[in-house]
Amino acid sequence: MEETARRVLKLHGFREIRTPLFEESAVFTSSLGEAAEIVTKQMYLFEDRGGRKVALRPEGTASVVRAFIEHGLDKSGGLTRFYYMGPMFRAERPQAGRRRQFHQLGVEVFGSASPYQDAEVLLLLVRLLKGWDVRGWVLKLNSLGCRQDREAIIEQVRAKLSPHRQKLCEDCQVRFEKNPLRILDCKESRCQELSFGIDVSTAVCGACRDHFEKVSRTLGRLKIPFEKDPHMVRGLDYYTRTAFEVIHGGLGAQNALGGGGRYDDLVELMGGSPVPAVGFAVGLERVLMAQETSSGAAQGAVADRAAAVFVSTAGSDITDGLQWVELLREKGIPAVANLEERPLKRQLEQADKWGFQWVVIRGEMEREKGVFVVKNMASRSQEEIPEKMWLNVLQKRLNRS
Ligand code: HAM
């Protein structure tokens, strides 16, 4: 998955950034939103020996912005495209699709406020999902307006929920005061029922609406299917304008494969110059789960199989086997040699279990005859090849399969 992603990201002009696994906790508390669940409940916080408050990174965006500012890139005036892959940590109750340590692939683009940039980032997201052979995903899109719209949106949510305030869950009673937008994100069914039908996009300004229209139109022209979801607010506070999520029906309750959006104020909020930005992150474990439910994954596994060769050395020297796999590897063919003294039958069973499509057999009999046997494990067919030619013939067979 990571190799596929790196190939796609390179084609899209992204460079890798690696941020530390833990940082000063303020990096996250000041950016993700004081009332965001990630901050209030899910962050692994601790004090180090020097009494400094640090946190295991719960996500990547805040760290990337911190690094972006620290290295003066906010002053460069250029377009910066970063990606990252690695573990994130959230102290949640583990369940299917929800882990305390999980892996994200994230991208962040700095320096463009254009709606076409939002569409281009989504094009990349779709390209990654295609590269991983994930099918059946749904892209949900919303506009959360700009900083100036935020008050109007919050007022709208408060006005709609105010008569039902007492019926909200305990957390949402607090959210009602601190950040009512978070109520739309609450997983409690009573809060979901009460907030059902609230449409945040009606309170956004003309310029933000225009931006959203351009993003939607461009996605249409790029043939990227999406659904408008005026209720979707995302779990983090830094988003402005475009926000999106990709969900997958095969994942159960934790159905988000990935999410992201525009965060035009975050660089300035964290102490840098104002630089518009947009990005997303995908949960890699969830992509794996979705792959398992897509039929394409099985084909992918067969393709992987076809590339690998197992060299069996029943009755002949295991060290010879180690030299033969080196010859294969030098030609760029992934290969593994038998390392155990065991009968040929056992070796073939093992090769089958491990999923090798090709086995090269060189036992005592083959040595006496001066041949190698090349066996296709899928079709069960095999051929004897004179020892001087085995490498070339195998290479030809592999190219054909
Ligand atoms: P997020 O929606 O919090 O966004 O996380 C992105 C993805 O990470 C989720 O859609 C999900 O697939 C995966 N994920 C989150 N929590 C867990 C967990 N406990 N176990 C397994 N997978 C999980 C962000 O993190 C933003 N930084 C995305 C972004 C980048 N926005 C702009 N740029």
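What follows is calculated from the coordinates using simple rules that are stated; it is not laboratory data. Note that the structure is predicted; figures quoted are calculated from it, not measured. All Cβ positions, glycine included, derive from the backbone under ideal geometry; neighbour counts span all protein chains shown.
Pick from Gln323, Gln101, Gln148: which residue has the top mean-square fluctuation in a GNM of the chain where Cα pairs under 10 Å get a spring?
With Cα springs under 10 Å in the chain, the top fluctuation among Gln323, Gln101, Gln148 is at Gln323.
At 0.890 mPa s and 25 °C, plugging the Kirkwood radius over alpha-carbon pairs of segment 159-207 into Stokes-Einstein gives what diffusion coefficient in µm²/s?
Approximately 218 µm²/s, per Stokes-Einstein.
Kindly provide the pair-distance distribution of segment 64-204 built from C-alpha pairs, with 5 Å bins from 0 and whole-percent values in order of increasing distance.
With a bin width of 5 Å, the distribution comes to 2, 7, 12, 12, 15, 17, 18, 11, 4, 1, 0.
Charges at C-beta only: +1 for Lys and Arg, -1 for Asp and Glu. How large is the resulting dipole of segment 98-238 about its Cα centre, in Debye rounded to 20?
380 debye
Using every pair of alpha-carbon atoms in segment 1-136, split the distances into 5 Å bins beginning at 0 and state the percent of pairs per bin, rounded to integers.
Each 5 Å bin holds this share of Cα pairs: 2, 9, 16, 18, 19, 17, 12, 5, 2, 0.
Most fluctuating residue of Ser114, Ser312, Ser201 in a GNM of the chain with Cα springs under 10 Å: which is it?
Taking springs between Cα atoms under 10 Å, the residue moving most is Ser312.
Give me the angle, in degrees from 0 to 90, between the Cα long axis of helix 296-306 and the longest principal axis of the Cα atoms of the chain, rounded to the nearest 10.
Around 30 degrees separate the two axes.
Looking at the chain as a GNM with Cα springs under 10 Å, which of Asp199, Asp320, Asp210 has the largest mean-square fluctuation?
Taking springs between Cα atoms under 10 Å, the residue moving most is Asp320.
Of all the C-alpha pairs in segment 1-48, what % are more than 13 Å from each other?
Details: 759 of 1128 pairs.
Tail fraction, whole percent: 67.
Dimensions of segment 339-393 along principal axes (Cα, Å, largest first)?
For segment 339-393, the Cα spread along each principal axis is 29, 24, 16 Å.
Hey, if you put +1 on the Cβ of every Lys and Arg and -1 on every Asp and Glu Cβ in segment 301-397, which of Pro343, Trp354, Ala378 ends up farthest toward the positive end of that dipole?
So the residue we want is Ala378.
Does anyone have the angle between helix 206-221 and the longest principal axis of the chain? Alpha-carbon axes, 0 to 90°, nearest 10?
20 degrees
Using a Förster distance of 25 angstrom, determine the FRET efficiency expected from the C-beta separation of Glu16 and Glu268, and round it to 0.05.
For R0 = 25 Å, the calculated efficiency reads 0.50.
Translational diffusion coefficient of segment 304-346 at 20 °C, 1.002 mPa s, Stokes-Einstein with Kirkwood Rh over Cα pairs, in µm²/s as a whole number.
So the translational diffusion coefficient is about 200 µm²/s.
Over segment 55-124, with a single point scatterer placed on each C-alpha, what log10 of the ratio I(q)/I(0) does the Debye formula yield at q = 0.14 1/Å?
-0.56
Helix 344-354 against the longest principal axis of the chain: what's the angle in degrees, Cα atoms only, rounded to the nearest 10?
20 degrees
P(r) for the chain: what percent of alpha-carbon pairs falls in each 20 Å bin, starting at zero?
23, 44, 23, 9, 0
Taking 25 Å as R0, compute the FRET efficiency from the Cβ-Cβ separation of Glu2 and Glu326 and round it to 0.05. Kindly include the intermediate steps, with their values, before the conclusion.
Numbers: r = 26 Å, r/R0 = 1.04.
After rounding to 0.05, the efficiency reads 0.45.
What does a probe at Cys169 reach in segment 37-57, counting residues whose amide N is under 15 Å from the point 7 Å along Cα→Cβ?
Counting backbone N atoms under 15 Å from the label point, the list is 37-42.
Provide the FRET efficiency to the nearest 0.05 for the Glu368-Asp48 pair, computing r from the beta carbons and using R0 = 56 Å.
After rounding, the FRET efficiency stands at 0.25.
Using 7 Å Cα-to-Cβ label points, what is the Ser381/Phe196 separation (nm, one decimal)?
6.0 nm
Using +1 on the beta carbon of Lys and Arg, -1 on that of Asp and Glu, and nothing else charged, what's the dipole of the chain about the Cα centre, debye to 20?
Magnitude of the dipole: close to 640 debye.
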